[in-house]
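Worksheet: one structure, shown below.
The values are calculated or read from the model by the stated rules, or taken from the named source; none is laboratory data. This is a predicted model, so every value here is computed, not measured. Here Cβ is always computed from backbone atoms with ideal geometry, including for glycine, and neighbour counts include all displayed protein chains. Quick note on the areas: whole protein, heavy atoms, side chains included, nothing else; ligands and nucleic acids left out. Shrake-Rupley method; radii C 1.70, N 1.55, O 1.52, S 1.80 Å.
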Amino acid sequence: QVQLVESGGGLVQAGGSLRLSCAASGSIFRINAMGWYRQAPGKQREFVATITRGGDTNYGDSVKGRFTISRDNAKNTVYLQMNNLKPEDTAVYYCTATRTSSSYWGQGTQVTVSS
């Protein structure tokens, strides 16, 4: 099993920045991709960004150019730097990790962007 713990969410004004962190523990051997999804009230969960162990990244269209995902393999931690935040970025942000054929999710952290 893999445990994921997110941190760094909060309330920020539009145009501001936040940095999310997600630390993995447990059976972390062979974790490949780590990433972030988000879910706003009344909406489906949306892909935000992923990063492979080798550093290849992929972003959702709505966050390209504003968000940056990074990873510290030594600390088993993935980060999401969010700049130029917009009210529509308000959501619960979930960390995810893929290990062999299994996916794991964190409990989520709330990000609220005020206009």
For this session: Extending each Cα 7 Å along its Cβ direction at Ser17 and Phe47, get the distance between those two points in nm, one decimal.
Result: 2.7 nm
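Do you know the relative contact order of the chain, to the nearest whole percent, from alpha carbon pairs under 8 angstrom that are 6+ apart?
Working: 286 pairs, mean separation 42.0, N = 115.
With pairs under 8 Å counted, the relative contact order is 37 percent.
Please report, as a whole percent, how much of the solvent-accessible surface of the chain comes from carbon and sulfur atoms (probe radius 1.4 Å).
Details: 2780 of 6040 Å².
Carbon and sulfur: 46 percent of the exposed surface of the chain.
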Exercise. Measuring from label point to label point, each 7 Å out along Cα→Cβ, what is the Val5 to Ala40 span in nm?
Worked result: 3.1 nm
For this session: Take every DSSP beta bridge with both residues inside the chain and express the antiparallel ones as a percent of the total, to the nearest 5.
Result: 90 percent
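Could you tell me the calculated FRET efficiency between Ser114 and Asn58, based on Cβ-Cβ distance and R0 = 25 angstrom, to the nearest 0.05? Please report the intermediate quantities before stating the final value.
Values: r = 29 Å, r/R0 = 1.16.
In this case the efficiency is close to 0.30.
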Seminar exercise, completed: Two pseudo-spin positions, 7 Å from Cα along C-beta at Gln107 and at Glu88, lie apart in nanometres by 3.1 nm
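Taking only protein heavy atoms and a 1.4 Å probe, what accessible area per residue, in Å², does the chain have with all protein chains in place?
Working: 6040 Å² over 115 residues.
For the chain, the per-residue accessible area is 53 Å².
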